[in-house]
């Protein structure tokens, strides 16, 4: 946790520089995974921007007195809404449509996104790409994805393949992406925006209980991540605290 450079609040999003920028998020689950996945840990540490997508990370940084002191949770959905609104505003002002590319997820989810974006952001043009559903891509598949992104040359790129795959893929192929825009690895946001998964109501979000809401809705899929994972996160934080003494 000490080596992570996490932004302090949502307000900082307005100060991010233009151009090619890799934006990742971290929560208790991804922190746990990174303990045993060197490439994932490197991707989080060496990306351009890191958001605390979990109150547990905010509290852990505070307790550990890390150099980065996030003041609030900045969820992937917060990033999505901010970036989309900012780009829509630019396009509306100068009358030139901007291209937003969604890479990841299933054709069904992407189709729903294609239908919704024009309603919410009428000055944005949507391009989508659904990669093969598999743990790892072949060299040919990687080249096809990179070609699709570079050919599109989007003004904003979203990667949604779930963590840690999305962060590792984007980081590993960063130098091959000949683009000049912000790139966000936002996973579940694709499903939330498409309506294929329901995000927790505002009250749950405001009280840092979005994880509990997801656990209640999907206990079979989420019990290990939240019940076991939260305990492992506490253990990892305590271990880091002890190591710094």
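The values are calculated or read from the model by the stated rules, or taken from the named source; none is laboratory data. A quick note: this is a predicted structure, and the numbers were derived from the prediction, not measured. So basically every Cβ, Gly included, is an ideal-geometry build from the backbone, and we count neighbours across all protein chains shown.
Computed quantities for the displayed model
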| read-out | value |
| --- | --- |
| Residues of segment 164-199 classified as without any contact (Cβ under 8 Å) to a residue 60 or more places away in the chain and over 25 Å from residue 111 (Cα atoms), total | 4 |
| Segments classed as helices (runs of 4 or more DSSP H), wholly inside segment 7-81, with at least 1 members that are in contact with a strand residue (DSSP E or B) (Cβ under 7 Å, 6 or more places away or on another chain) and under 21 Å from residue 159 (Cβ atoms) | 38-46, 55-64 |
| Residue in segment 35-44 that is closer than 16 Å to residue 237 by Cα and exposed (fewer than 14 other Cβ atoms within 10 Å of the Cβ) present | yes |
| Residues located in segment 124-163, provided they are free of Cβ contacts under 8 Å to residues at least 60 places away in the same chain, in contact with a strand residue (DSSP E or B) (Cβ under 9 Å, 6 or more places away or on another chain) and assigned to a loop (DSSP other than H, G, I, E, B) | 130, 131, 153, 154, 161, 162 |
| From 65, 115, residue being closer than 29 Å to residue 226 by Cα and over 19 Å from the mean Cα position of the chain (by Cα) | 65 |
| Yes/no for residue 96 being part of a helix (DSSP H, G or I) and touching a helix residue (DSSP H, G or I) at 6+ places or on another chain (Cβ under 9 Å) | no |
| Residue within segment 210-232 that is within 17 Å of the chain's Cα centre (by Cα), surrounded by 18 or more Cβ atoms within 10 Å (Cβ to Cβ) and modelled with pLDDT of 95 or more present | no |
| Test: residue in segment 200-218 that is in contact with a helix residue (DSSP H, G or I) (Cβ under 8 Å, 6 or more places away or on another chain), without any contact (Cβ under 8 Å) to a residue 60 or more places away in the chain and within 23 Å of residue 116 (Cα to Cα) | yes |
